[in-house]
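The values are calculated or read from the model by the stated rules, or taken from the named source; none is laboratory data. What you are looking at is a predicted structure, and each value in this text was computed from that prediction instead of being measured. Because the Cβ atoms are built from the backbone with ideal geometry, glycine has one as well, and the counts that use them run over all protein chains shown.
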Amino acid sequence: MSSKQDVALVIGATGGIGGAVADRLMAGGWRVRALHRDPETARRTSGRPALEWIKGDAMVEADVVAAAQGVRLLVHGANPPGYRNWAGLQLPMLNASIAAAKAAGARLVFPGTVYNFGPDAFPNLTEASPQHPKTRKGAIRVQMEQALARAAGDGLRVLIVRCGDFFGPKPGNNWLSQGLLKPGRPLGAVTYPGPMSVPHCWAYLPDVAETIARLLEDEARLADFAVFHMRGQTLTGDELVAALETAAGRKLPASRLPWFAIRAMAPFNETFREMLEMGYLWETPVLLDNTRLVARLGAEPHTPIDEALRVALAGLNALPREATRLAAWPAAKHCGARRKSAAPQH
């Protein structure tokens, strides 16, 4: 656990992973700063007024370095929404965070994805699996991790936690809220991107944040370049729909995402074009081996899927009215439930 003097800077605190980690760090006693180009608006609209919002641009190295003065931890949770302009934004933002973490002598936390990997590494991904991506975004993620590895060789301490597709209690840049259902509408049907029998890795954001926080509790034991995989919620399409039905309290018809329509619109829409590139991840099992994480923590933080989905759907305002009341209790209790020891997941 942290002391009141420990300070963290979160880049991307208005997003899913950045916001979840900021919440968990504050709950653990950290002072948490958040960089934003319009801090007053962020303070009003983010739902996190207790953060120390600082004016600055994640693309401007001097802004990030200034915001990081005196911090012990820098969380790089920035992610361009809708997959837009990864080539122009991702590496410059990360390079600014690397420079700031080096200047402050802070450890840099980086949430990783499965995009780094190609079919030669499937289905079971370990931290040592070869990284031969087949997509542009995958190649960018590889370049980002290579930049972190080089920085670690030059004295920076890095923690990478790789996960499946994020979902959580707030709308965000993720498949659940942007692909499978429509936030703001009671859930009545599910649109699924892949074959219903193929398992897919999901990562509940409060569990990811809890995992990062627990790893940092014994930061001195972490390697300078530490990488861990989370298994998360590994579900087939059928299992996910069944869990959504339990959370929603009703039967839900499921249909296949109309990739042909996305393909037709892709030349005119950057988000659809980038979604299309990632379609291969739904066609085959892509599983994360968490053996190393379980060996370190004893168990991976794991919220039961029905509870996680109830909280997520309530946050997305997608629960039917009769189910909304039932979501309130887990929403209040899920943090405590996460801290209970779970059976090791391998």
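Some notes on this structure:
- Listed by position, the helices (runs of 4 or more DSSP H) inside the stretch 177-295 whose residues that are without any contact (Cβ under 8 Å) to a residue 24 or more places away in the chain number at least 1 are 237-248, 259-265, 270-277.
- Considering the stretch 263-320, and only residues there that are surrounded by fewer than 19 Cβ atoms within 10 Å (Cβ to Cβ) and among the polar types (S, T, N, Q), the residue that is modelled with the highest pLDDT turns out to be Thr291.
- The residue that is farthest from the chain's Cα centre (by Cα), among those in the stretch 103-144 that are among the hydroxyl-bearing types (Ser, Thr, Tyr) and within 16 Å of Ala87 (Cα to Cα), is Thr135.
- Residue in the stretch 215-228 that is within 20 Å of Gly118 (Cα to Cα) and at pLDDT 95 or above present: yes
- Residues within the stretch 51-77 that are part of a loop (DSSP other than H, G, I, E, B) and either over 19 Å from Asp6 (Cβ atoms) or over 21 Å from the mean Cα position of the chain (by Cα) (or both), tallied: 10
- Checking Thr41 against (1) outside any helix (DSSP H, G or I); (2) over 20 Å from the mean Cα position of the chain (by Cα); (3) surrounded by fewer than 17 Cβ atoms within 10 Å (Cβ to Cβ), the condition it does not meet: (1)
- Taking each residue of the stretch 123-147 that is touching a residue at least 60 places away in the same chain (Cβ under 8 Å) and over 21 Å from Thr234 (Cα atoms) and looking for partners that are among the small types (Gly, Ala, Ser) and in a loop (DSSP other than H, G, I, E, B) with beta-carbon atoms closer than 9 Å, six or more apart or interchain, yields Lys134/Gly118; Thr135/Gly118.
Let's see how each residue does on (1) surrounded by 21 or more Cβ atoms within 10 Å (Cβ to Cβ); (2) modelled with pLDDT of 95 or more; (3) among the acidic types (Asp, Glu); (4) touching a Ser or Thr at 6+ places or on another chain (Cβ under 7 Å):
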| residue | (1), (2), (3), (4) |
| --- | --- |
| Asp23 | yes, yes, yes, no |
| Met26 | no, yes, no, no |
| Ala68 | yes, yes, no, no |
| Val71 | yes, yes, no, no |
| His76 | yes, yes, no, yes |
| Met93 | yes, yes, no, no |
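- Taken over the stretch 192-245, the residue count meeting the criterion of being among the hydroxyl-bearing types (Ser, Thr, Tyr), under 12 Å from the mean Cα position of the chain (by Cα) and under 28 Å from Lys182 (Cβ atoms) is 1.
- Selection status of Thr303, closer than 30 Å to Thr126 by Cβ, under 19 Å from the mean Cα position of the chain (by Cα), hydroxyl-bearing (Ser, Thr, Tyr) and not in a helix (DSSP H, G or I): yes
- Near pairs, Cβ below 8 angstrom, 6+ apart or cross-chain, from the stretch 44-55 (under 14 Å from Ala22 (Cα atoms)) to any residue that is surrounded by 14 or more Cβ atoms within 10 Å (Cβ to Cβ) and among the polar types (S, T, N, Q): Ser46/Thr14
- Count of residues meeting criterion [under 28 Å from Thr113 (Cα atoms) and hydroxyl-bearing (Ser, Thr, Tyr)] in the stretch 1-56: 4
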